Every structure is written in C-alpha cells, then in structure tokens.
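Undergrad: Below: one structure in structure tokens.
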Amino acid sequence: MLRRILNRIRKLIREASYDMTVHAVEEMAEDNLDFLDIEIAILGGAIVKTERQEPRGAKYIVHGTGADGTTRVGTVGRFTETGRYLIV
C-alpha cells in the first residue's frame, strides 16, 4: 500500500501537481533548500511515517536526499480534495 501511495505522490510531483503552504516555503528557506531539493528528495525518497489521525486526511512523511546528493530532506504532505499533493 505504501508503494502505491508513494508512486501517486511521485506522479503528482513529476506533473507539478503539487502546492506548498507558506509554512513549508519558510521552512525550506530556513534550511537553505529550494524547490528542486524538495522534488528530488520526494522522487528518490521513501515514506517513513504516516499520520492517519488528521482531520483533513492522512499526512505522509517522506525522507530523501536533496539535489546535492548529500543533504537529508524531510517533507510532510497530504492529498487535497482536488487530487493535488500539498506539502505542509
């Protein structure tokens, strides 16, 4: 099941069918990351945890490596009611 969910997330990332909250963009800037780091980390990463007790739907924590090949990147996201992926 996690493989299917990860494949769905990756498909949306490849299609640029995702959004980021202001909080996610602020966290990304604090960590000196850019959009490419986030995309590469998700495309090559793995779901390490699922938080199902969320009122707006399950959240998926994906860990991967950024564009430089060494920086560890963690993301938290969920599917929206419109079918997009929201990085929170």
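The values are calculated or read from the model by the stated rules, or taken from the named source; none is laboratory data. This is a predicted model, so every value here is computed, not measured. No Cβ is skipped: glycine too gets one built from the backbone with ideal geometry, and neighbour counts run over all protein chains shown.
Undergrad: Would you mind listing the strands (runs of 3 or more DSSP E) fully within the chain where at least 1 residues are at pLDDT 95 or above, surrounded by fewer than 18 Cβ atoms within 10 Å (Cβ to Cβ) and under 12 Å from the mean Cα position of the chain (by Cα)?
TA: Strands (runs of 3 or more DSSP E) meeting the threshold: 18-20, 46-51, 59-65, 72-79.
Undergrad: Could I ask something else about it? Quick one: which residue in Arg84, Arg52 is among the basic types (Lys, Arg) and without any contact (Cβ under 8 Å) to a residue 40 or more places away in the chain?
TA: Residue meeting the stated conditions: Arg52.
Undergrad: Could you look through segment 47-72, keep only residues that are touching a Gly at 6+ places or on another chain (Cβ under 7 Å) and among the aliphatic types (A, V, I, L, M), and pick out the one that is nearest to Asn7 (Cα to Cα)?
TA: Selected residue: Val62.
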